Amino acid sequence: MVAIESCNATSKELLPEMIVPQANIEHHRAMQHTVFFLLCFCLFGCVVSKPLPEVAELKNSSVPAATDGLSLEQLPSTLSIPHFAKMRLSGTGLTLETVIEKNAAYVRHGITYQSNGLTISGILNIPNGMGPFPLLILNHGFIDPSVYVRGRGLRREQDYLARQGFAVLHTDYRGHAASDPSPMTEKVYDGNLEYSMDSANAILAMRAAKLPNIDVSRIGMMGHSLGGGVTLAILTGRPDLVDAAVLYAPVHADVWENFMRWRSKREEGDRTREAFGTKEENPDLWAELSPQTFLKNIQVPVLLFHGDKDKDVPKNWSDDLSQRLTKLGKDITYVEYAGEGHEYGPKWSDFMEKTAAFFKEHLTSTQ
């Protein structure tokens with residue numbers, strides 16, 4: 001599994017691990033693809049010594065062709081927001097596998113779905129009653145996959161929002177809990193695009209499932225920390241999928257800043273610097289991989305939160321994002337909390353009240 005930037009994960013998030021069978025995992029492993037990077041250019045048959053790639057490219061092999069001519073890539077063959085915007089996505093086969101919990105407000109299900117052919121696990125909280133209930137997709141922050149269990153991350157938020165009448169799908173991402181591993185074998189930073197595929201495909205899988213008590217016509221998304229980066233990639237690369245978004249202490253919209261802050265946390269043998277070069281050496285590659293370059297694509301209202309005592313993700317990153325979105329004329333509301341860290345304490349109730357009201361305003365209004 002590719003190591004992504006490290007954000008805070010507290011022990012209070014830990015839930016009992018749910019063991020869910022993974023069908024045909026050996027088949028998926030057998031389909032892992034040889035990954036390579038275009039690290040040299042040829043000119044009139046001559047190889048240039050040690051050049052840097054203009055675009056980070058990964059090769060997928062043995063993938064089926066689609067009727068629209070696009071292959072079903074299990075990882076992006078080009079690491080860039082423009083490629084993510086045009087690649088074929090497929091979210092199917094959503095299954096309610098287990099009932100984890102029942103209470104007076106909702107039923108908590110363990111789920112799986114197919115994300116471009118990979119099995120991804122997660123949880124789905126469905127409120128009691130007839131519905132239909134607006135759907136929220138929650139993207140969690142970094143938690144080491146070796147300790148991650150199903151649904152870990154935004155546990156308090158999952159519960160609160162379900163009690164407010166939202167169907168809440170929390171995706172585990174590939175390589176986490178009962179999900180299939182990533183097919184990426186080269187140790188490089190992908191700017192969270194693989195996780196973004198899985199989150200986007202959760203929406204497509206919910207649409208395909210056509211559960212009668214869940215309204216998939218208008219969808220909200222919340223991302224915390226790294227999950228904020230996942231959300232930003234979807235808002236800029238697939239802006240048609242989401243109708244309103246909450247960013248909770250998100251990582252930087254410029255992925256170079258994320259890479260540099262957490263480069264010491266990368267897996268041993270990471271080759272990002274060798275393959276991609278620095279931002280100064282290869283600005284186009286890092287720009288193409290960054291949601292910041294494509295903020296103009298955002299079409300939906302955004303509610304942004306950050307605390308000024310956050311030791312994991314600097315608050316000035318959200319200050320910068322708010323300023324950029326405001327300058328672009330986007331619908332951005334920025335809430336700053338004095339004294340709050342990466343996961344909120346005293347202001348958590350206010351944070352959730354504002355979040356629920358925001359989603360109710362933008363997901364339940366008549367068009």
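What to note about this one:
- Alpha carbon Rg of region 71-151, scaled by the compact-globule rule 2.2 N^0.38 Å: 1.34
- Sequence ranges 89-99, 282-292, 321-331, ranked by mean other-Cβ count within 10 angstrom, highest first: 282-292, 89-99, 321-331
- Euclidean distance between Cα centres, region 80-97 to region 292-367, Å: 25 Å
- Largest-first principal axis extents of the Cα set of region 233-367 (Å): 50, 35, 26
- 5 Å-binned pair-distance histogram of region 249-320 (Cα, whole percent): 3, 14, 22, 21, 18, 13, 7, 1, 0
- Summarising the label geometry, the points placed 7 Å from Cα in the beta-carbon direction at D284 and T92 lie 3.7 nm from one another.
Each reported figure results from applying straightforward, stated rules to the coordinates on display, with no laboratory input. Bear in mind that the values here come from a model prediction, so they are computed numbers and not experimental data. Note: ideal-geometry Cβ built from the backbone for every residue, glycine included; neighbour counts use all protein chains shown.
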